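Single-structure report; data block below.
FYI, it's all coordinate maths here, none of it is from the lab. Here the structure is a predicted model, which means the values were calculated and not measured. For neighbour counting, all protein chains shown are included, and Cβ atoms are generated from backbone atoms with ideal geometry for every residue, glycine included.
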2 protein chains.
Amino acid sequence: MIQILCPKYLVPVRPLGQVLEQYSVAIDPASGRIMDVLPRVDAMEKHVGASVFEMETHVLLPGLVNMHTHSPMTLLRGYADDLRLDDWLRNHIWPAEANWADGDFVDLGTELAVAEMLRSGTTCFNENYFFPERMADVVEAAGIRACIGVPVIGVETKWAATTEEYLAKGLELVASRAGYPRLRFSIAPHAMYTVDVATLARIADLSERHDMPVHLHLLETESEIRNSQQAYGKMPLHHAEELGLLNERLIAVHMAHLSDSDIDLVARNNVNVVHCPQSNLKLASGVCRLTDLLAAGVNVSIGTDGAASNNDLDMFDELRTAALLAKGLSGDPCVVDAVTALDLVTINAARALGMEHEIGSVEVGKQADLCALDLACARTQPVHHVISQLVYSAASGQVSDVWVAGRQLVKSGELTLMDEARILSEAAAWAVGKLPETHQVRE
Amino acid sequence: MIQILCPKYLVPVRPLGQVLEQYSVAIDPASGRIMDVLPRVDAMEKHVGASVFEMETHVLLPGLVNMHTHSPMTLLRGYADDLRLDDWLRNHIWPAEANWADGDFVDLGTELAVAEMLRSGTTCFNENYFFPERMADVVEAAGIRACIGVPVIGVETKWAATTEEYLAKGLELVASRAGYPRLRFSIAPHAMYTVDVATLARIADLSERHDMPVHLHLLETESEIRNSQQAYGKMPLHHAEELGLLNERLIAVHMAHLSDSDIDLVARNNVNVVHCPQSNLKLASGVCRLTDLLAAGVNVSIGTDGAASNNDLDMFDELRTAALLAKGLSGDPCVVDAVTALDLVTINAARALGMEHEIGSVEVGKQADLCALDLACARTQPVHHVISQLVYSAASGQVSDVWVAGRQLVKSGELTLMDEARILSEAAAWAVGKLPETHQVRE
């Protein structure tokens, strides 16, 4: 049956800055796509007998896209905070992962992450972690959309031993899931310093031949730049350029250390940049020059990073941090205005994934990936500007309803497909005894 | 009847960093004070017949203190964003206030603010706006705690015409409300550049004689410093020192432009600093040197500022921004750790208000100003470190229960005393037609 969603306000993201009042969105049940965006009264006349979903105090907008996640790391949320990046990684996160990051860990951690993302209005995520086939299964079952990275790293894990094996297992997975409607794949080499040169070159080639995005941590820290100078006598970005990685398929994450000429290089090569403001602040890695990248015409989107360095997957919160930080650091409160900010988590992310014709805005023919927030809360009243309210005031806890490909995955604040009580209880049980020596609980 | 609160975790803030499991807090109904903090089993034995409130998946902590608010400005939330400070103030906020900021505006805006604050775990706020007697009435009725500023500004408003009149009306109010248990007062000169020198000197004297805090915007912007140099040939901080304002009664808000010697001066004089990270970022005013101030031993707390420049009154969000920003800007992820961060919104704020023996921690004899968050949500599971979870993961929407002076003002997510539906509906109605020319709603 055709569904008609009737919010108070509709923010379609395209046309830019538009806010529609008393408009409805009609969804085709067969394709999960948007059939119509039209005034409520016209929708009711045209689609007599459709299923009508009323949202009298709500704003409906495209589902948000989280452009950088390590979903299973939700299980390590708050496990090790307030530490230097190298101490955090080498003495806490990597040992924990070496001990525990098996297939079951990935199942449970991904379920927990997807529950958190759906509840906070995220309908698609760009992922990089081990056991991608397990994550793909969770995505299939949970009804969310994702671009799953084929992880490649020159370190043995429970999933694979060599870069050869990572790639072989990953490409087999990609082939086996071809045509799954809510699943895409990228190749996700960890970083320029953890994958050998020959493998990076091969990834550049595979990316071109299979038209797959490359999801890469790049220019996250100063030490990455120093090490690249020492190892290769060149900057990581130039190294990536030589290897054929700098192009419109690259999703370059962090980019927290950019010179002016780097920004030119990134812009000329149509590289997609993912800004992770909270993770970069928390680990004191550096700050991505969002304002300058946007001024140079670079396609920038936003990611939370894993929950071990954020420590949540809340894109409304991340969006607000990105906008406020850009203003504060540039000294100009006019930059990254609310309308621009909303693009970062919707249409820009869709473009980075090569999916700008499928998701990222509420337009006829696109997938019905949508989220609704209830504005009838003290923190979002009164409403002078709807888009300002979304960017500067709304909390993800106000997300009431979420659809992916036309299927309602959150209804009046409750998950419809996932067994959240089981997931929370398993996550709590998993953590017991994992951190006895430093647990803050005393007495 | 004695109340016994039984959370899963108790974070008393003092002793520093402590997390207690299966502990209970007993509240004396006559005084609203904490009678006991003891293991749950002992509490049940000692207080047979008491009213027991179970919170099986919750953490209980002191209510948060918002150290800088202009509560009625909730009605201007999102009214004018993405603008330069002078444009924002002179062309939008001040004209709007001149038109509308009367007693009824203050009533409704304060109610809306208090509803938002209570729902997000704030139990006390440090306020500065016009019509303080109307705000005091709302505070009385709503059951929250506040320190209300006597506003003084060399600009005529609907409340008073001259600094003389501001002070006279304010001091009359203070005298008339002496002994009201949840109300304190400060003198709140707007800024060094909007109040004349003679009045500032008089305020310094009144503050000493009446032992009242002085709540002052200080060093918010670079232009404030330039203008002070031009007008007085000295920096605002030195000017304040000469006028006798730099002492332990001063609550200096923003402080976004501090030199090393300024920090020494502030530390030597025991000035209390209030950091407003989101407002300062959003208006691109500058950034308070939180890490350096703490290292110098300065008592720093946190405020949201008004909702027109934030755009919410969410202290959990503000706290996280303060901690992340300090790490990012200092380049050191170890600074402002979770335990330190929690102090900023609790015991440090209590100290700034001269109330460190009354509120700010869960200790026997203190007021029972408490908030509980339900951790059984995807974004706060699993729990490795309770305090990390509060600072880096929790959302204010998880606040389930709030007490002020032992009275439960939020119960299972609902306000017990305030008529929230009426307040939201009146706030929505108030905004209608206020912004016709620039409203983003199109079509």
Quick one: putting +1 on the C-beta of Lys and Arg, -1 on the C-beta of Asp and Glu, what dipole do you get for region B:64-352 around its Cα centre, in Debye to the nearest 20? 360 debye
7 Å along Cα→Cβ for the label point: how many nanometres lie between B:GLN230 and each equivalent label in the other copies, listed shortest first? 5.2
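For the protein assembly as shown, with only Lys/Arg (+1) and Asp/Glu (-1) charged at the beta-carbon, what is the dipole magnitude about the Cα centre, in debye rounded to 20? Display every interim value, and only then the final one.
Numbers: 68 positive and 118 negative charges, 50 e Å.
Value, rounded to 20: 240 debye.
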I'd like the orientation of helix A:103-119 relative to chain A: the angle between its Cα long axis and the longest Cα principal axis, in ° from 0 to 90, rounded to 10. 40 degrees
Just from the alpha-carbon atoms, what are the Rg and Dmax of the protein assembly as shown in angstroms? 27.0, 80
Cα centroid separation, region B:58-106 to region B:257-289 (Å): 21 Å
Sort out for me the Cα centre separation of region A:148-163 from region B:189-208, rounded to whole Å. 65 Å
Calc'd 3J(HN,Hα), region A:411-426, phi into Karplus 6.51 cos²θ - 1.76 cosθ + 1.60 (θ = phi - 60°), Hz, glycine/Pro = x, comes to 10, 6, x, 10, 5, 8, 9, 8, 8, 5, 4, 5, 4, 4, 5, 5
Report, to one decimal in Å, the Kirkwood hydrodynamic radius for region B:117-256 based on all distinct Cα pairs. 15.6 Å
What number do you get for region A:59-121 when its Cα radius of gyration is normalised by 2.2 N^0.38 Å, N = residues? 1.33
Which distances, in nm and shortest first, link the A:TYR180 label point to the same label point in every other copy, taking 7 Å along Cα→Cβ? 6.2
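Filter A:LYS158/B:LYS8; A:LYS158/A:LYS327; A:LYS8/A:LYS366 down to the pairs with a C-alpha to C-alpha distance above 31 Å, please. Mind dumping the intermediate values first?
Numbers: A:LYS158/B:LYS8 35 Å; A:LYS158/A:LYS327 43 Å; A:LYS8/A:LYS366 21 Å.
The pairs that break the limit, which is 31 Å between Cα atoms, are A:LYS158/B:LYS8; A:LYS158/A:LYS327.
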Region B:128-177: D in µm²/s via Stokes-Einstein (Kirkwood Rh, Cα pairs, 37 °C, 0.692 mPa s)? 294 µm²/s
For region A:381-404 and region B:299-341, what is the centre-to-centre distance using only Cα atoms, to the nearest Å? 22 Å
Jot down the radius of gyration and Dmax of region B:1-141, Cα atoms only, both in angstrom. 20.6, 63
Bins of 20 Å, beginning at zero and ending with the bin holding the largest distance: percent of Cα pairs per bin for chain A, please. 26, 58, 15, 0
Which is farthest toward the positive dipole end of chain B among B:GLY121, B:TYR9, B:GLN22, measuring Cα position about the Cα centre, with Cβ charges +1 (Lys, Arg) and -1 (Asp, Glu)? B:GLN22
Put a point 7 Å out from Cα along the line to Cβ at A:ASP292; what are the distances to that point in the other copies, in nm, shortest first? 2.3
By its C-alpha gyration tensor, with a ≥ b ≥ c as the square roots of the eigenvalues, how is region A:61-199 shaped: rounded for a/c under 1.5, else prolate for a/b larger than b/c, else oblate? oblate
Straight-line reach from B:LYS434: which aspartates and glutamates have Cα under 19 Å away, leaving out those fewer than 8 places along the same chain? A:GLU21, B:ASP81, B:ASP82, B:ASP87, B:GLU97, B:ASP102, B:ASP104, B:ASP107, B:GLU426, B:GLU443
For chain A, the longest principal axis of the Cα atoms and the Cα long axis of helix A:163-176 enclose an angle in degrees, to the nearest 10, of 20 degrees
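How big is the convex hull of the Cα atoms of region B:341-412, per residue, in Å³?
Values: hull volume 6.8 nm³, N = 72.
Dividing the Cα hull volume of region B:341-412 by its residue count gives 95 Å³.
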Dipole check, the protein assembly as shown, charges on Cβ (K,R +1; D,E -1), about Cα centroid: among B:SER207, B:THR194, B:LEU409 the Cα furthest to the positive pole belongs to B:LEU409
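With the cut-off at 17 Å, report for region A:184-265 the share of all Cα pairs above it, as a whole percent.
On the way: 1336 of 3321 pairs.
So the pairs more than 17 Å apart make up 40 percent of the total in region A:184-265.
For chain B, what is the relative contact order in percent, using Cα pairs closer than 8 Å and at least 6 residues apart in sequence? Write down the numbers at each step before the final one.
On the way: 945 pairs, mean separation 92.4, N = 443.
RCO, chain B: 21 percent.
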Sum up the charges of everything whose Cβ sits under 10 Å from the Cβ of A:PHE105, counting Lys and Arg as +1 and Asp and Glu as -1, but leave A:PHE105 out. -2
Less than 12 Å Cβ to Cβ from A:ALA191, Lys/Arg counted +1 and Asp/Glu -1: what total charge do the surrounding residues give? -3
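Given the C-alpha atoms of region B:235-345, compute the convex hull and give its volume per residue in Å³.
100 Å³
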Per the rotation taking chain A to chain B, min distance Cβ-to-axis on chain A (residue, whole Å) equals A:GLY397, 1
Summing +1 for each Lys or Arg and -1 for each Asp or Glu, what net charge is found among the other residues whose Cβ lies under 13 Å from the Cβ of B:ASP87? -2
